[in-house]
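Trainee: Submitted below is the structure of interest, expressed as structure tokens.
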Amino acid sequence: MSTSVYWSLYHLTFVAHAFCASFVLAATLWLTAHGVLGLLRRAREGLDPVGDVLRDRLPFVLGLAITFGVGPLLFVQVLDGHAFYTAALLLSHRFMAILPALIVGFYLLYVQKTRWRIATGRAGRLLVPAVATACFAYTGWSWAELRLLALAPERWAAIYAAGPLAVHDPDAPLRLLVMLGVGLQVSALLLLAALRGAEHASTRRHVAMVQSASYLTLVAAQWLHSPVRAGGDGWLPGCKLALAIACAVHAALWLPVWAGRPPGRIAPIGTAVVAQIALLSVIRSRPGSGPGSPAAATPEAATSQGFVAFAVAFVGVVVAIAVALRMVRRDLARR
């Protein structure tokens, strides 16, 4: 099987993983922020429809994120095996600490669903999601460092001499910022689907206000991100343009919610979110470009695969936007 097929399968499986993993990070951070506000205001426990929805869905979605993460993990080892294993060995215990972090975060998601005093008190509603957020943020940060280190063989000798604690990559927090931005969109999408009743109109508007922050995080991360790490190929500006179009369509689909009207179909909004995740995956990851990979054998092969990836992503985004616009027109015609 050719490398381009594995490359495409990597991105296909990674989109499903990123959809769920980004939601887990953003939702736990959302609950942490709510806990901070509750502690500062000393508010009594009351109705919290947004928090209830997030707490109810987080454990299941985390299970999906871990399951969907197996595919891209296997594909990246096929595409960049030499670089992947070298980076993992160099990171040593920092990389292995992902496992206990995931275990602690996973069980904390269940703890915050209980009626235990540690979870229902004002301090508990802050500490439990805060620790879970730290666990998931560390996991995302470590994976970002691993991937970036795998793409930088010129740093290996220095890191081997200095030890794993010397690994510091300025792009790692930016990748985590992108994950948070996508997670805010996914969280808002799931909340919009769960809070469709008329009694939740004001809550939906608050959700729309929070999800708008996702654009700030995505723009900041793309502005600060070095294009060299993303490959710097000629097709990269085209992918970023398609990403901007997908973001604009996504924002337009949220306008009825901003205006206080009940949302139409959720599918067009979800399609726009998935399109953004797919484009970000193509822009920010280049599996098969590492040392020792089949794609690195010839420059012609790498260029060809880059064009194929751009063509597939571009066609996918165009189709997704067309489907979303068609659904919106149908909803408007029925009203």
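The values are calculated or read from the model by the stated rules, or taken from the named source; none is laboratory data. Not measured: the values here are computed from a predicted model. Cβ placement follows ideal geometry from the backbone for every residue including glycine, while neighbour counts extend to all protein chains displayed.
Trainee: Restricted to region 144-161, and to residues that are in contact with a Gly (Cβ under 9 Å, 6 or more places away or on another chain) and more than 17 Å from H93 (Cα to Cα), which residue is modelled with the highest pLDDT?
Mentor: Quick first cut of region 144-161, residues in contact with a Gly (Cβ under 9 Å, 6 or more places away or on another chain) only: 150-151, 153.
Keeping just the survivors that are more than 17 Å from H93 (Cα to Cα) gives 151, 153.
On the way: L151: 82, P153: 87.
Selected residue: P153.
Trainee: Could you give every pair whose Cβ atoms fall below 6 Å, whose first residue belongs to region 49-66 and is farther than 15 Å from A132 by Cβ, and whose second residue is among the polar types (S, T, N, Q), counting only separations of at least 6 or pairs across chains?
Mentor: Partner pairs satisfying both residue conditions: P49/T203.
Trainee: Looking only at residues in region 73-83 that are buried (at least 18 other Cβ atoms within 10 Å of the Cβ) and under 21 Å from the mean Cα position of the chain (by Cα), which one is nearest to L165 (Cα to Cα)?
Mentor: Residues of region 73-83 buried (at least 18 other Cβ atoms within 10 Å of the Cβ): 75-76, 78-80, 83.
Okay, now just the ones that are also under 21 Å from the mean Cα position of the chain (by Cα), so 75-76.
Working: F75: 27, V76: 24 Å.
Out of the qualifying residues, it is V76.
Okay, residues lined up against (1) in contact with a Ser or Thr (Cβ under 6 Å, 6 or more places away or on another chain); (2) modelled with pLDDT of 85 or more; (3) within 28 Å of V111 (Cβ to Cβ):
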position	(1), (2), (3)
P129	yes, yes, yes
C135	no, yes, yes
T139	no, yes, yes
S142	no, yes, yes
G163	no, no, no
V167	no, no, no
R175	no, no, no
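Trainee: Follow-up. Would you point out which residue out of L91, L146 is under 18 Å from M179 (Cβ atoms) and touching a Leu at 6+ places or on another chain (Cβ under 9 Å)?
Mentor: Details: L91 fails: under 18 Å from M179 (Cβ atoms).
One residue alone meets the criteria, L146.
Trainee: To continue, here is another question. Among the numbered conditions (1) more than 19 Å from L190 (Cα to Cα); (2) touching a residue at least 60 places away in the same chain (Cβ under 8 Å); (3) buried (at least 17 other Cβ atoms within 10 Å of the Cβ), tell me where H93 comes up short.
Mentor: That leaves (3) as the condition not met.
Trainee: Modelled with pLDDT of 80 or more and within 30 Å of A251 (Cβ to Cβ) - does that describe any residue in region 112-127?
Mentor: no
Trainee: Which one is nearest to L25 (Cα to Cα), of the residues in region 95-130 that are in a helix (DSSP H, G or I) and in contact with a Pro (Cβ under 7 Å, 6 or more places away or on another chain)? Can you show your working first?
Mentor: Just the residues of region 95-130 that are in a helix (DSSP H, G or I), to begin with: 95-96, 98-111, 117-120, 124-130.
The next check asks that each one be in contact with a Pro (Cβ under 7 Å, 6 or more places away or on another chain); those that pass are 109-110.
Values: L109: 12, Y110: 15 Å.
Among them, the one singled out is L109.
Trainee: Take A251 and tell me if it is modelled with pLDDT of 75 or more and in contact with a helix residue (DSSP H, G or I) (Cβ under 9 Å, 6 or more places away or on another chain). Break it down into steps so the answer makes sense when it comes.
Mentor: On the way: modelled with pLDDT of 75 or more: yes; in contact with a helix residue (DSSP H, G or I) (Cβ under 9 Å, 6 or more places away or on another chain): yes.
So A251 fits the description; yes.
Trainee: Please state which of the following conditions T133 fails to meet, knowing it meets all the rest: (1) surrounded by fewer than 19 Cβ atoms within 10 Å (Cβ to Cβ); (2) in a helix (DSSP H, G or I).
Mentor: (1)
Trainee: Working carefully through the options L99, L39, find the one that is at pLDDT 85 or above and either surrounded by fewer than 22 Cβ atoms within 10 Å (Cβ to Cβ) or among the aliphatic types (A, V, I, L, M) (or both).
Mentor: Unique residue meeting the criteria: L99.
Trainee: Regarding region 113-122, can at least one residue be identified that is of a type outside the set (A, V, I, L, M) and crowded, with 17+ Cβ neighbours inside 10 Å? Please lay out each step first, then the result.
Mentor: Restricting attention to region 113-122, the residues satisfying the condition of being of a type outside the set (A, V, I, L, M) are 113-117, 120-122.
Retained after the next criterion (residues that are crowded, with 17+ Cβ neighbours inside 10 Å): none.
No, because not a single residue in region 113-122 is of a type outside the set (A, V, I, L, M) and crowded, with 17+ Cβ neighbours inside 10 Å.
Trainee: Further, regarding this structure: A221 passes all but one of (1) part of a helix (DSSP H, G or I); (2) of a type in the set (A, V, I, L, M); (3) surrounded by fewer than 17 Cβ atoms within 10 Å (Cβ to Cβ); (4) modelled with pLDDT under 75; which number fails?
Mentor: (3)
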